[in-house]
Amino acid sequence: MARPSNLVIVESPSKAKTIGKYLGPDYVVKASMGHLRDLPRSTMGVDLEHGFTPHYIPVKGKEELIRELKTAAASADTVYLATDPDREGEAISWHLKELLGLPDSKTHRVTFNEITKNVVCQSIRNPRNIDYDLVDAQQARRILDRIVGYELSPLLWKKIRRGLSAGRVQSVATRMVVDRENEIRAFQPREYWSLDVKLARIGKSGAFVTRYYGDDKKRELENEEQTRAVMADIAGKPFTVTSVKRAEKKRSAAPPFTTSTLQQEASRKLNMTPKRTMMLAQQLYEGVDVAGEGTLGLITYMRTDSLRLSDEAMTAAAEFIRGRYGDSYYYGKFHVYKTKAGAQDAHEAIRPTHVELDPERVKSSLTLDQYRLYKLIWSRFLASQMANAVYDTVAIDSVCAGHVFRATNQSIRFPGFIAVYEEGRDDDGEPVGSALPDLEVGDQAEATAMDPQQHFTQPPARFTEASLVKAMEEKGVGRPSTYAATISTIEDREYVEKKDKHLMPTPLGEVVTGLMVERFQDIIDVEFTANMESRLDQVEEGKQNWVNLLSDFYKDFETELKDAETALEGVRLKVPEEETDEVCELCGRKMVIKTGRFGKFLACPGFPECKFTKPLVERMPGRCPKCGSGLLKRRSKRGFAYYACEQGAQCGFMTWDVPTAEDCPVCGQTLFKRSGKGRMKPFCVNPNCSNFLPEDKRGYYKKKTDAAPGGEATPEAVETAAPQPEEAKAAKKKTTAKKAAAPKKTTAAKKTASPKRAATRKSKET
């Protein structure tokens, strides 16, 4: 049998599986597992004095994969580089070409906006060369971020705390959260009043509620005195209907998703973080096994800011709508949405690849979160091609003693697109009012009740992850592909924290931002960052030289850095300690949160006079594999760290393994890693997943308990699995004494020194 003469390289195994099914036996499809070459971790890796030349090295741990790909490439006549269709994907293809030593004659670049058989085969038939403008844009962004991170972060370490970082986009995003918090603190509430009056028609049946509007023009009641004056004026006097306005209101469907709007809507409706949304969208794009259909890519490429839809997609939507809902529910023609100025239009909006595969049809083949996100994307796309919703509106003005009161109502006449989907909102939306009787001009009514209410203006709302993404997009900070990573980073760095869905700056975030605002005004400036994004776009378009861009930036940045180091010589900025409601058991002071070698803990502020401390329950990334709730870091009575579901005994999940922020690429559940120091490879604890790693293969011995698969253990097991520190010390002393007495170890000493038993204590190091 002849060997396949064509090699196709993609990023992930799932994408490889899907594409391999479409291409057949003449093609070998392999996955690079992301980047195979990158800047080194330990050094800058960029020659700042010689044209910002990057020094790329193979990614550690991928040596075997590189050898495998080199062998496959050498034996192939043609190599297709089929990485994602964006800057990052283009750069991965270029790195593959360089790393594998591929000549131009056998190297072809192909991209897929959607992974369907038709698109894949068509792309293979029409390859192109690597777009070096895209590569340069990615390199410029990567090197720019490397310079800022590697030059600024050491300064933060020296002046504030070790382990901190700064970034061109993350620092601006943090500042946006800090600035919003400062606005809230500076806000001065203003009093105002509303006055609702319940009216009963005179001589006719029917009652309704109307609200004070003004007099000859709209006027706000500013205080109780004004409100009481109006009430006195209208007391016992009739109301006369002076105006009845009825109208038809049409509402159009929201456009299909872009990356930004998908992240916002998934946050509002599904309570998903941007990071998780993009991870799930990647899975749906690359392909899942659908019962009766095989492996299918269910959505188009998910990194886009375009609202464009293909004619084929809109035709398919029209046929589906007419068939399921009827002709009246179709928009009547292709509903084309205008992409905003400055948006990249390389890809379509996010949509299902096969509209006939409705969510319920594929539900059994998807994880719960995959299904929820697919349903959101499918519904939004279908609704975008459906007829407008039609409402009947009525506004009725009544006058009493010269004061105008207004009652409004809105009722739906024809649902249109609302039959499928209605967009979520960050605010409460417009009130529709209560039902109104059939009133006519000249009708009279009398007041049966008055309801004055005091109100105060509210400060601007804190950002949610959804509204922060929206604000970043509006201000041009970052790009669709970076929103999720940026928000995840500032949360992981503990610059901001999430409380009841809202983002708040931490004391650490405020101190770091304050330093950045004082010493690095360009880096932290929203307009400067947005302008830099525009210049990076120009590199992508071939209108800007990437080395010149870096040179222009670095001249001013280097000066700011030297000035900051001089000005801050000998200065150490202190992060304010966060006071809690916990009371010191020894002296009665309110305890504060401190950060030590092993993380956060509660401590008495009276140190060193009072040295009382106690553990702090920490919230961990990820979700409980049993019930999906949050995970907490706790310590046993003997001082060893373990991880448990926030639902406690109601769920019962507990484990020594550390939850990570990563999700399993197969089942979507949270990945865990072995406790202890050093870099650990995460693993899946879902026994029903093909990626599941049994407990005995996770790298260390665990005392057998009644634990269920996936790491669950009873509270009793958690307590008994770890020896007391005091016992361990005593045993160690005993062992040492035995060694001195005789060179031959006793059985007891062997047991104490056993590496297996010692391994059970490794969770103490997390």
Quiz item: So which residues in the range 453-509 are among the basic types (K, R), under 19 Å from E265 (Cβ atoms) and in a strand (DSSP E or B)?
Solution: K498
Self-check item: Considering residues of the range 435-452 that are surrounded by fewer than 12 Cβ atoms within 10 Å (Cβ to Cβ) and part of a loop (DSSP other than H, G, I, E, B) only, the residue farthest from the chain's Cα centre (by Cα)
Solution: G442
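One line per residue, one yes/no per condition, for (1) in contact with a strand residue (DSSP E or B) (Cβ under 8 Å, 6 or more places away or on another chain); (2) under 27 Å from K117 (Cβ atoms); (3) in a loop (DSSP other than H, G, I, E, B); (4) not assigned by TED's automatic domain parsing to the domain that holds Y285:
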| residue | (1), (2), (3), (4) |
| --- | --- |
| K30 | yes, yes, no, yes |
| G34 | no, yes, yes, yes |
| E64 | no, no, no, yes |
| A73 | yes, yes, no, yes |
| T83 | yes, yes, yes, yes |
| G89 | no, yes, no, yes |
| H95 | yes, no, no, yes |
Quiz item: Of all residues in the range 80-119 being of a type in the set (V, I, T) and buried (at least 23 other Cβ atoms within 10 Å of the Cβ), which is farthest from N545 (Cα to Cα)?
Solution: I115
Exercise. Those residues that are charged (D, E, K, R), surrounded by 14 or more Cβ atoms within 10 Å (Cβ to Cβ) and farther than 16 Å from A140 by Cβ, I need them from the range 28-56; list them, please.
Key: K30, R37
Quiz item: Counting only residues that are out of contact with any strand residue (DSSP E or B) (no Cβ under 6 Å at 6 or more places or on another chain), in a loop (DSSP other than H, G, I, E, B) and closer than 19 Å to A484 by Cα, which one in the range 653-684 is modelled with the lowest pLDDT?
Solution: P665
Quiz item: Just for strands (runs of 3 or more DSSP E) wholly inside the range 231-339: which have at least 3 residues that are among the small types (G, A, S) and crowded, with 18+ Cβ neighbours inside 10 Å?
Solution: none
Quiz item: Quick one: what pairs do we get from the range 577-592, first residue surrounded by 12 or more Cβ atoms within 10 Å (Cβ to Cβ), second aromatic (F, W, Y), C-beta under 7 Å, 6+ apart or different chains?
Solution: C584/F612; L586/F612
Self-check item: Condition broken by S488, with the remaining ones in (1) more than 17 Å from the chain's Cα centre (by Cα); (2) touching a residue at least 24 places away in the same chain (Cβ under 8 Å); (3) over 17 Å from R180 (Cβ atoms) satisfied
Solution: (1)
Self-check item: Filter result (assigned to a loop (DSSP other than H, G, I, E, B) and surrounded by fewer than 18 Cβ atoms within 10 Å (Cβ to Cβ)) within the range 389-422
Solution: A401, G402, P415, E422
Practice problem: Output the qualifying pairs, or none if there are none: Cβ atoms under 6 angstrom, residues six or more apart or on different chains, first residue in the range 396-419 and at positive phi, second residue part of a strand (DSSP E or B) and crowded, with 16+ Cβ neighbours inside 10 Å. | Solution: G416/M386; G416/A389
Quiz prompt | Any chance S105 is assigned to a helix (DSSP H, G or I), under 19 Å from R303 (Cα atoms) and among the hydroxyl-bearing types (S, T, Y) | solution = no
Practice problem: Kindly indicate the residue of the range 456-481 that is buried (at least 24 other Cβ atoms within 10 Å of the Cβ) and among the β-branched types (V, I, T) and also farthest from the chain's Cα centre (by Cα) among those meeting that condition. | Solution: V477
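The values are calculated or read from the model by the stated rules, or taken from the named source; none is laboratory data. Given the structure is predicted, the values throughout are model-derived calculations rather than measurements. Note that each Cβ is placed from the backbone with ideal geometry, even for glycine, and that neighbours are counted across all protein chains shown.
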